[in-house]
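Quick one: the structure is below, and I'll ask about it shortly.
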Amino acid sequence: MSYTSARRRTARWLPRAAALGLAISLGMTACTGDADFVPSATPGSSQRASHAVQPGNGVSKVLLIVEENRSLQDVEAHMPFLISQARSYGTATNFYAISHPSLPNYLVLAGGSTFGVIDDGEPDEHPLEGPSLFGQLVSAGRTAKTYADAMPTNCARDNYETYAARHNPWTYFDDPAERAGCEQFDVPSGSPASGPLADDINAGNLPTFSLLVPDICHDGHDCSAATTDEWLQSWLPIIKNGPDFASNRLVIVITWDEDDEHSGNRVPIVVIHPSLKDKQVTQRFDHYGLSASIARIAGIPPLRDANKRTDVLAAFGL
């Protein structure tokens, strides 16, 4: 099918009460609206991001997967595989996206700022100056890569069938070094059976920071939450069987760009690492703090507004 406009939101979800379904699935009690979760387990502690602090459990790589437009209730009701991963590993139950629509949230994750963007315009409409987190890592001698589902060529800046450029934030950064890095390291993902991502997983060559971008069906934008769950179930066992995860080097983070506009932009986040077991963190976090976490694990300063924001992954002991 053709996805003709990056600003057109083709999926709309039926109104529902802002129930905190993910918390229920994890055996917790909760209040509706924007009240904090009340956990059944002792919450972990948070700390400020510091690029000088390295995790003590061997974590040196982050793989981030961003899904689309779901409330906690919807995920709990329709994504049993992901809920099983949250129970087995960990979740932050008070995690927020920054804004609506999608694009500003991706820019916060990749650049530590919304850059004043308030729409879903394509890369040519929003050329951004300065470094991305990807480019900063490459220039610092680390590694970074985007693996984009259904993308036709490296660093594609135009929508193509089920590939949406607005979900691939590296394509917005316009400095020459950023464009060159994107052209080299922003690649089609391939399938769990073969392709760039499967090859890097199997070889233990995942980069310091990798972003896995589902297409607009697999991310739940144009398809059901159940479809997203099936897609995650096709990838996560492959990733967890790879040398990076087995050696404790890799933490996998799954979250959403934004909610379905029915839960105050609170979104699910699941953190997967061998050291975690049913870890429930209840402090308030957001996408800025996730960007800060990635920078801190990579040993570089967080970018822009992510600097000195609360570090999400440190609250998990990672």
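For Ala180 and Ser247, calculate 0.36 nm times their separation in residues minus their Cα-Cα distance, and state this gained length in nm to one decimal.
Working it through step by step, the gained length comes to 21.0 nm.
Subtract the Cα-Cα distance of Ser224 and Asp199 from 0.36 nm times their separation in residues, and report this length gain in nm to one decimal.
6.2 nm
Can I ask one more? What lysines could a cross-link reach from Lys308, if we take a straight Cα to Cα line under 22 Å and drop same-chain neighbours fewer than 8 places away?
Correct list for Lys308: Lys61.
Another question, if that's okay. What shape does region 21-316 have by the C-alpha gyration tensor, where a ≥ b ≥ c are the square roots of the eigenvalues, rounded means a/c under 1.5, and otherwise prolate means a/b greater than b/c and oblate the rest?
It comes out rounded by the Cα gyration axes.
If you project the alpha carbons of region 179-318 onto their three principal axes, what span does each projection cover, largest first, in Å?
On the principal axes, region 179-318 reaches 38, 38, 36 Å in Cα extent.
Assuming a ≥ b ≥ c are the square roots of the Cα gyration tensor eigenvalues, decide whether region 181-247 counts as rounded (a/c under 1.5), prolate (otherwise, with a/b larger than b/c) or oblate.
In terms of gyration-tensor shape, oblate.
Read-outs throughout are calculated quantities, based only on the coordinates presented, and are distinct from any laboratory measurement. All of these numbers come straight from a predicted model, not from anything done at the bench.
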